[in-house]
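Worksheet: one structure, shown below.
The values are calculated or read from the model by the stated rules, or taken from the named source; none is laboratory data. In this text, all values refer to a predicted model and were calculated from it rather than measured experimentally. FYI the Cβ positions are ideal-geometry reconstructions off the backbone, even for glycines, and counts take in every protein chain you see. These area figures cover heavy atoms from the full protein model, side chains too; ligands, DNA and RNA do not enter into them. Shrake-Rupley method; radii C 1.70, N 1.55, O 1.52, S 1.80 Å.
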Amino acid sequence: MSNTIEFDREHLWHPYTSLASPLPVYPVAKASGVRIQLEDGRSLIDGTSSWWAAVHGYNHPTLNAALTAQASQFSHVMFGGFTHQSAVQLGRLLLSMVPQGLTKIFYADSGSIAVEVALKMALQFWLGQGQPEKTRILALRKAYHGDTFAAMSVCDPVDGMHSLFQGQLAKQLFAPAPQSRFDGPFLEQDAAALRQLFAAHHQELAAFILEPVLQGAGGMRFYHPDYLRLARQLCDQYQVLLIADEIATGFGRTGRLFACHHANISPDILCLGKALSGGYLSLAATLCNDKVAQGISHGEVPALMHGPTYMANALACAVACASVSLIQQGQWQAQVQAIENQLKSGLAPCTSYPGVREVRVLGAIGVVEMLHPLDVALVQKRCVALGVWVRPFGNLLYLMPPFVIQPDELAILTDAVCQLSKAPDWSQSVVLPGA
Ligand SMILES: *Cc1c(COP(=O)(O)O)cnc(C)c1O
C-alpha cells in the first residue's frame, strides 16, 4: 500500500493539486452501495457521489450487468459510419425525459466537452443564420462550466478556478450571480441586470449559458426558478439561444428530474453528464431542439464540426442506459425527498455555530457555508477518522450522497458535518479577524 501512495505522490497529478506539495490521497480497495473501502480496511460512507455521478451507489448489480453484457458483444466502435443499440436506446430514454422540444443528441466524452459542443452549436447556428456577428456568450458570475478553454471562458472570470488564463480566453459577457434565493421572492435587481444586458448586447450575443437553479462548483448557490423563466423570455425576445448546463443538476439531484423543470422551461441546448452514466464511465451529452439543428444544417458548413474518437462509446452508453432506466423507474423521487428532509433536520444544528455563515438544502444537496476557507487535508483526515467521505472546497462543506443512502447512514454524514463545522479546521492561509 505504501508503494501505491509513494508512486502516486511522485508521478500522478490529482484534480487541482500541486505535484510539489500534494494533498494526501487515500487508496481505495473497493466500493459497494454507499460505502468506500480503503486499502487499510477502513470503510467510509460516501457523501459526494464521486462529484454528483454515483447516484445509485457503487458496484451496482444492474449497472455491472449492463457493462459486462455490452463488453461481451463489443466495447467500442467508431461512431463515424457505425451506430449501435446502446447509443440508440440511450437516446430514446433521454428524449423521453428531458424538457420538451429537445430532439437531437450529441454524445460527448466529458462534461467540459459537452459544454464545448454546446458553444460550438450556438456559434454555428448563427453562422447558418447569416449573423456571424453573434459570437459572444452571456454567462453568470459564480458559474462553473468545465476546464477546457471555451468552457473556462464562461466560468466566473474572477472567483473561478481559471482566473490565471484570463488573457487567453474569449472575452464573454457576465451577468451578476443571481441573488434571489430559491425559496424567497424574485428580486427586481436580478431581473433589471439581466434585462439591461440583453438590451445592450443582444446583437453580439450567440447564447446565454447557465446552470439552472444551482450554481455548483462556483459556490453551491441555489437561486430562484423565476430567473430561468426570465432568461427564457429574454432569449426569445432578443434572439439569443439558451443553453442549460445540467451536468450537475440533471437526473433528480435538485428534487426535479431536471432543474429546468422547476421553472417549466426548455432550453435550446442542454448539457448532461456526471450522473448520466451512474458514476461508471466518462460520458456526457449535448442535446438541442429542431430550431438549432436545422439552423446548423442550413449553414454554409452544414455539419456540426465535432467528433471525438470515443464518441458514443458503447460501454458508456450501455451503463448509462441502465442508470437512466433506474432513474426513469422513479424511486429517486421518494429517495431525494427523504434525503432533503433529513439533510434539513440533520444539518439544522450547524446554523447556530459561530463559524457557520449559512446552511442550505435543496433536493439531495446539503451545504454548510463557513465564514472562512477550510483546510482540505485536515478536514478530510477528520472525515476519514469519522468514517465518512466528504471533500470541502473553499468555505463550503457539502453533502450530495448517492440516492440509495439509508437514514442511519445519512445520519452519520450529517453528524460528521455538524462536528466539523462546530470546530472547523481553518485553512493556514487565512488570517482570522483579530489574529
Ligand atoms: C462538472 C461540471 C462540468 C464539467 O464536467 P467534466 O465531466 O468534469 O468535464 C461542467 N458543468 C458543470 C455544471 C459541472 O458541474
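Between H306 and L23, what is the spin-label point distance in nm, taking each point 7 Å from the Cα along the Cα→C-beta axis?
In this crude label model, H306 to L23 measures out at 2.8 nm.
Please compute the Cα-Cα pair-distance distribution of region 254-379 with 10 Å bins starting at 0, giving whole percents from short to long.
Going out from 0 Å in 10 Å bins, region 254-379 shows 10, 25, 29, 22, 10, 3, 0 percent.
How big is D for region 291-338, in µm² s⁻¹ as a whole number, if Stokes-Einstein is applied with the Kirkwood radius of its Cα pairs at 10 °C and 1.306 mPa s? Please list the in-between numbers first.
On the way: Rh = 14.1 Å.
Roughly 113 µm²/s, to the nearest whole number.
Regarding region 1-99, what whole-number volume in Å³ per residue does the convex hull of its Cα atoms give? Spell out each step's value before the answer.
Details: hull volume 19.2 nm³, N = 99.
Cα convex hull per residue, to the nearest whole number: 194 Å³.
Can you show me the helix-derived [θ] at 222 nm for the chain, built from DSSP H runs with n ≥ 4 at -39,500 (n - 2.57) apiece and divided by the number of residues, rounded to the nearest 500. All intermediate terms of the calculation are to be shown ahead of the outcome.
Details: 13 runs with 158 residues, N = 435.
-11500 deg cm²/dmol, from helical runs alone.
How do 207-213, 102-108, 29-35, 362-368 rank on mean C-beta neighbours within 10 Å, highest first? Don't skip to the end; give the middle numbers.
Numbers: 207-213: 27.1, 102-108: 21.9, 29-35: 16.6, 362-368: 25.6.
Per-residue Cβ counts within 10 Å, averaged per peptide and sorted highest first, yield 207-213, 362-368, 102-108, 29-35.
Expressed as cubic angstrom per residue, what is the convex hull volume of the alpha carbon set of region 53-199? Please report the intermediate quantities before stating the final value.
Numbers: hull volume 29.6 nm³, N = 147.
Per-residue hull volume (Cα only) is 202 Å³.
Show me the ranking of peptides 9-21, 87-99, 175-187, 315-327 by mean Cβ neighbours inside 10 Å, starting with the highest. Could the numbers behind the result be given before it?
On the way: 9-21: 9.8, 87-99: 17.6, 175-187: 16.0, 315-327: 24.7.
Put in order of decreasing packing, that is 315-327, 87-99, 175-187, 9-21.
Starting with the highest mean, order 344-355, 67-78 by the number of other Cβ atoms within 10 Å, averaged over the residues of each peptide. Intermediate values should be presented prior to the final figure.
Details: 344-355: 15.8, 67-78: 14.0.
Ranking, from highest mean packing down: 344-355, 67-78.
On each of the three principal axes of the Cα atoms of region 216-277, give max minus min coordinate, whole Å, ordered largest first.
Principal-axis extents of region 216-277 (Cα, largest first): 34, 22, 22 Å.
Count charges around A114 for me, please; just the other residues with Cβ under 15 Å from its Cβ, Lys/Arg as +1, Asp/Glu as -1. Intermediate values should be presented prior to the final figure.
Numbers: positive: K104, K120, K274; negative: D109, E116, D147, E211, D245, E246, D268.
Its environment carries a net charge of -4.
Which value, in Å to one decimal place, does the Kirkwood hydrodynamic radius take for region 131-201 when every pair of different Cα atoms is included? Mind showing how you got there, number by number?
Numbers: mean 1/r = 0.0753 Å⁻¹.
Answer for region 131-201: a Kirkwood hydrodynamic radius of 13.3 Å.
Calculate I(q)/I(0) for region 74-328 by the Debye formula, one identical point scatterer on each C-alpha and no solvent, and give its log10 at q = 0.13, 0.14, 0.15, 0.16 Å⁻¹ to two decimals.
Treating every Cα as an identical point scatterer, log10 I(q)/I(0) equals -0.78, -0.91, -1.05, -1.20.
Summing Lys, Arg as +1 and Asp, Glu as -1, what charge do residues with Cβ under 10 Å from the Cβ of A207 carry, A207 excluded? Write out the running numbers ahead of the final one.
Working: positive: K134, R136; negative: D268.
Residues near A207 contribute +1 overall.
So, in nm, how far is label Q85 from label D183 when the simple model puts each one 7 Å beyond its Cα toward the Cβ?
For the pair Q85/D183, the computed spacing is 4.6 nm.
Working only with C-alpha atoms, what are the Rg and Dmax values of region 327-433, expressed in angstrom?
14.1, 51
What does the accessible area per residue of the chain come to in Å², with a 1.4 Å probe and no ligands, DNA or RNA counted? Can you show the working numbers first?
Values: 18660 Å² over 435 residues.
Ligands and nucleic acids excluded, the result is 43 Å² per residue.
Bin width 10 Å, origin at 0, all Cα-Cα pairs of region 131-265: what percent of pairs per bin?
13, 45, 35, 7
Working only with C-alpha atoms, what are the Rg and Dmax values of the chain, expressed in angstrom?
21.6, 66
Starting from the Cα of D415, step 7 Å along the direction of its Cβ; do the same at D159; then give the gap between the two resulting points in nm.
Rounded to a tenth, the inter-label distance reads 3.4 nm.
With the full set of protein chains in place, find how many percent of the accessible area of region 74-328 is carbon and sulfur; take the probe as 1.4 Å.
Working: 5300 of 9720 Å².
Whole-percent figure for carbon plus sulfur exposure: 55.
Considering the zone a paramagnetic label at S96 would reach in this model (a point 7 Å from Cα along the Cα-to-Cβ line), which residues of region 28-67 have amide N under 18 Å from it?
63, 66
Please work out how much accessible surface I5 shows to a 1.4 Å probe, ignoring ligands, DNA and RNA, in Å² rounded to 10.
60 Å²
Heavy atoms only, probe 1.4 Å: what % of the accessible area of region 337-421 goes to carbon and sulfur, would you let me know? All intermediate terms of the calculation are to be shown ahead of the outcome.
Numbers: 1700 of 3000 Å².
Ligands and nucleic acids excluded, carbon and sulfur reach 57 percent.
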